[in-house]
Amino acid sequence: MKYAGEGRWSIWKSFSLMILAVFLLFIIYPLVLVLYKSIMDPFSGAFTMEYFGRFFAKKFYWSTMVNSIEVTVCATLLAAIIGLPLAYLMRSVKIRGSGLLNILIVISYLSPPFIGAYAWIQLLGRNGVVTQVLNEIFGVAFGGVYGFAGIVLVFTLQSFPLVYIYVSGALKNMDNSLNEAAESLGCSRVRRIWEIIVPLVMPTLLASSLLVFMRVFADFGTPMLIGEGFKTLPVLVYMQFMGEVGGDDGFAAAICVIIIMLTILMFFAQRFLANRSTYSMTALRPLVAEKASGIKQFLAHACVYIIVGFAILPQIVVVYTSFLRSNGGQVFTGGFALQSYEATLFAKDNDVIWNTYTLGIMSICIVLILGVLISYLAVRKRSFLNSALDTITMLPYIIPGSVLGIAFLFAFNSPPIVLSGTAIIMIIAFAIRRMPYTVRSSTAALGQISPSIEEAAISLGATELKTFSKVTIPVMMPGVLAGGIMSWVTIISELSSSIILYTNANQTLTISIYTEVIRGNYGNASAYSTILTLTSILSLLLFYKLTGRRDISI
Amino acid sequence: MSVSIDIDKVIKKYGDTVVISGLSLQVHPGEFFTLLGPSGCGKTTLLRMIIGFNSIEGGTIKIADRRINDTPTDKRNMGMVFQNYAIFPHMSVKENVAFGLRMRKIPEKDIETRVDEILRVVKIKHLENRMPTELSGGQQQRVALARAIVIRPEVLLMDEPLSNLDAKLRVEMRNAIKSIQRQIDITTVYVTHDQEEALAVSDRIAVMNGGIIQQIGTPQMIYQRPANVFVSTFIGLSNLLDAVIFCEADRKGIVFEFGYRVEMQNLVPNVENAQKVCVSVRPEEFIMVEQSEEGIPIVIQNIVFLGLHTHYFVKTDHGQVLEVIQNQENTAILLDGTRLSLKVKTDKINVFHEKTKGTLIKGETK
């Protein structure tokens, strides 16, 4: 809004321009560079389609795209198929211990997917505990879940919580009068699920499915660990870029462009589907969980507990493993010991945890300040420039971490700006990755505030800037902080961009877990993961405490 | 063919809390019956028991002599209009209205004609392809009504349907609802906390408080001859004054404070001399007379001119503030501070027992 006396040049305009400069430098420029490198011959400087040609010419390359799409579509569908009924079940039937179950579901979602991958390898891998038991009992030679099945298993169990959280939130806001109206018009219970509930949560289901899709599609650690011969696009791009025989920038760039094309396509497909059916509802009479009778009650409990059990199983395996005695390397020698913690947590000059926390906190600060400013500018100071800023913040949403990492190295590895190998480049990458989520949660928080509160402050003699800092920000704060905590948890479990950007000096927990797993040192990896999980749980509890809410938006 | 509703000693409990204990009432075929009471009085609970969203812990509810206690809602064939309309947001107006018919597996062709017909009745035919978000509150209300009645329910239930509308629309819609109800001749139970709305639409009203029916009667009866002090103060405005009974030979009446005596013909026979009573006088049941005449002596404190009427806030010598309404034509407007006497319209006022708060007027309350 423009108030009287506001000149052509205001403080807000300088904020806008500053943010624009930051975005141009750290989002647009690296991405343009990726596009440029993908179609330019590095020696002659001429336009070339050679890289794209190479990708589509060899099955070794293009099959990764097919693999990626297959895995992602399967895992997304399965996540929706599990998450939606689970949410409905938990909202409509009284389940014992549902509070704890909710926390477990959220925790299983918050941990990085590749931790699930190596936990499942320990269970169902070639030498996995469960595999051995199965082979013993049935006298078969089951070789463990690797490749397609393994990846889909890990991703499904890791992603359905996201669908669950979203759909559960939508069901909470659904007005039960709609259900009752349908009932009074002669619609039976089973039929109401299809006629009323599914259509109403469909936009939410699509939105959360898109998040799952993006997450699964972009994930690098899981297929790397459990995929074995089954390569996906992020794995291919990582190998091409970091390859032992000297990375091929142009080809990696081309693969990045292909990945972005696919995510953009998906993004608009979801937009198209969801836009046709978005409803705002206020629950006058929310859905109430009712006690089911006899066998139904038992079945509901069995379903919920089994699903949640599978989801949280990797965490249990990891914590368990972290306490096992080993020979100091890859072999567990039986019994328990704190050895793994001595080698990780208490080891001298081990900065991993310190790094994780400082990098995380710094990027959170950046993302919160920028996020609040951008949402304020976009909502209250509508202009072409500010709408453009709002749109640019959505870009990182569709850019996988590894692509962003590669783009950053293209852009900041050589003068004029050299940032590669520094902590700053990681902080900025984390901040950019989280920007879309923070801007959205800030916009939501701002949407709750009526402009008249600000106008009241101004009428009482406060300047606009003062109003912003003394009225708007304090009122927005709870919502923004809640979003901030969730961003923090996501940042500390980030792997895909940091694996490309890190150096030994600024290694984080997730990178350490990953490298320890690659080295086969599961004990140390588990100790690191346990610390990470503990951090997530504590952050989650802080979130609950701060917001007083029991539901989460990510 | 419209049906009757027979509610016999129904009980509603939430856990151990009894919300309704043994409530009975009958709704006649085709009647527009209103449950009126303050929030939390159990009126919505009762309505939800009739439709089946609330279980019944005791007693029976019969529709046309069929016991329906254990019939699931979707088999009851009742139409309901919800407080927030509960329009399905993912369906157009037409689809919303057709929903119940589709559930009944009515052939597509018949659905078309019936939806068409009902949309004309509620006057929203031109909006049939709109989505609910494109409708105003009043239009949504009409969709909700059409959707409830198109299934030709035996009973129509409405839960505070007008409470989300602005004042002017509320009056317009209540007239519409009333005339549509007349037109299709359907037994209707209507829940509201708005007494004016209840008086305007109902054939009969049940006034409820604390899960108990205080009085059932026509709007006129409930307004003019309330069964107790609660009804008298909940419906319309009432000034409550202390008085005592006098019985002398064949004359009975009441004496107000300040010695103002009024003889009454319609007191119940068993009143006793010097019995304390509570008298309810509506603002329009006062007559303002000169200070010198017999009556309750008062001073005018405040005057509110409302065009049709003028409201006077007056104070007795004991400090009680009373509200008096005078028609415009009567006199010129008086000034603040004027001293006057108030008389009452003897045949209009109501007298209640001091303790039981029940009426002491001869049986006209039913």
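The values are calculated or read from the model by the stated rules, or taken from the named source; none is laboratory data. Note that the structure is predicted; figures quoted are calculated from it, not measured. Ideal geometry is used to build each Cβ from the backbone, glycine not excepted, and the neighbour counts take in all protein chains shown. Side chains are part of the model used for accessible areas, which takes the heavy atoms of the whole protein and leaves out ligands, DNA and RNA. Shrake-Rupley method; radii C 1.70, N 1.55, O 1.52, S 1.80 Å.
Take chain A, mark every one of the GluC sites (Glu not before Pro) that falls in a DSSP loop and has at most 16 other Cβ within 10 Å, then report the longest stretch left between them, sites excluded.
Working: sites that count: A:Glu6, A:Glu228, A:Glu244.
The longest uninterrupted stretch comes out as A:245-554.
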Worksheet, complete the sentence: The answer for chain B, accessible area per residue at 1.4 Å probe in Å², is 45
Worksheet entry | Greater than 29 Å apart at Cα, pairs in B:Lys62/B:Lys178; B:Lys43/B:Lys94; B:Lys168/B:Lys348; A:Lys13/A:Lys37 | B:Lys43/B:Lys94; B:Lys168/B:Lys348; A:Lys13/A:Lys37
Worksheet, complete the sentence: Gyration tensor (Cα only) of region A:30-314 to equivalent ellipsoid, semi-axes in Å sorted down, yields 41, 27, 13
Discussion item. Tell me the mean residue ellipticity at 222 nm calculated for chain B from its helices only (DSSP H runs of n ≥ 4, each -39500 (n - 2.57), averaged over every residue, nearest 500).
Written reply: -7000 deg cm²/dmol
Worksheet item: Chains A and B: buried accessible surface, both sides, probe 1.4 Å, rounded to 100 Å²?
Response: 2000
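Quick check on my link table: of A:Lys94/B:Lys12; A:Lys172/A:Lys296; A:Lys172/B:Lys12, which ones sit more than 25 Å apart, alpha carbon to alpha carbon?
A:Lys172/B:Lys12
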Worksheet, complete the sentence: Among B:Asn228, B:Asn350, B:Asn266, the residue with the largest mean-square fluctuation in a Gaussian network model of chain B built from Cα contacts under 10 Å is B:Asn266
Response to the item:
Amide H neighbours of B:Lys13 at under 5 Å, excluding residues fewer than 5 places away on the same chain, with H built from the backbone geometry, are B:Val19, B:Glu57
Worksheet item: Which value in nm describes the separation of the simple spin-label points at A:Leu25 and A:Trp354, placed 7 Å from the Cα toward the beta carbon?
Response: 2.8
Worksheet entry | Residues losing 30 Å² or more accessible surface upon assembly, region A:140-184, compared with the chain by itself, 1.4 Å | A:Ser177, A:Leu178, A:Glu180, A:Ala181, A:Glu183, A:Ser184
Practice prompt. Work out how far the C-alpha atoms of region B:86-241 reach from end to end along every principal axis, then list the three figures in whole Å, largest first.
Written response: 63, 29, 26
Worksheet item: Once the whole set of protein chains is in place, how much accessible area is left on A:Phe213, using a 1.4 Å probe, in Å² to the nearest 10?
Response: 20
Worksheet item: Given a 1.4 Å probe and the protein chains all in place, what does the accessible area of A:Lys172 round to, in Å² to the nearest 10?
Response: 90
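Rounded, prolate or oblate, given the Cα gyration tensor of the protein assembly as shown, with a/c below 1.5 counting as rounded?
prolate
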Worksheet item: Tell me, what ³J(HN,Hα) does each residue in region A:178-194 have, in order and in whole Hz, if you take phi through Karplus 6.51 cos²θ - 1.76 cosθ + 1.60 with θ = phi - 60° and put x for Gly and Pro?
Response: 4, 4, 5, 4, 4, 4, 5, 8, x, 9, 6, 4, 5, 5, 4, 4, 7
Practice prompt. Quick one: accessible surface of B:Phe234, probe radius 1.4 Å, all protein chains present, in square angstrom to the nearest 10.
Written response: 40
Discussion item. For peptide B:94-106, what's the mean number of Cβ atoms from other chains within 10 Å of each residue's Cβ?
Written reply: 3
Discussion item. Could you work out what % of the accessible surface of the protein assembly as shown is carbon and sulfur, using a 1.4 angstrom probe and leaving DNA, RNA and ligands out of the count?
Written reply: 60
Discussion item. Over chain A, with the other protein chains present, what is the accessible area per residue in square angstrom, probe 1.4 angstrom?
Written reply: 44
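Quick one: compute the contact order of chain A, relative version, from alpha carbon pairs under 8 angstrom and 6+ residues apart, as a percent.
Reported as a whole number, the value is 21 percent.
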Item to complete: Could you order A:Lys381, B:Lys276 so the one with the most accessible surface comes first? Probe is 1.4 Å.
Response: B:Lys276, A:Lys381
Discussion item. At 7 Å along Cα-to-Cβ for each site, give me the label-to-label distance between A:Met239 and B:Leu169 in nm.
Written reply: 6.3
Discussion item. Using a 7 Å offset from Cα along Cα-Cβ at B:Leu334, what residues in region B:266-309 end up with backbone N under 15 Å from the label point?
Written reply: B:283-305
Item to complete: For an R0 of 56 angstrom, estimate the FRET efficiency from the Cβ-Cβ distance between B:Val289 and B:Ala64 and round to the nearest 0.05.
Response: 0.50
Practice prompt. Mind putting a number on the dipole of the protein assembly as shown about its Cα centre? Charges go on the C-beta only, +1 for Lys and Arg and -1 for Asp and Glu, and I need it in Debye to the nearest 20.
Written response: 1200
Item to complete: Could you calculate the contour length gain from A:Ile369 to A:Thr422, that is, 0.36 nm times the residue separation minus the distance between their Cα atoms, to one decimal place in nm?
Response: 16.9 nm
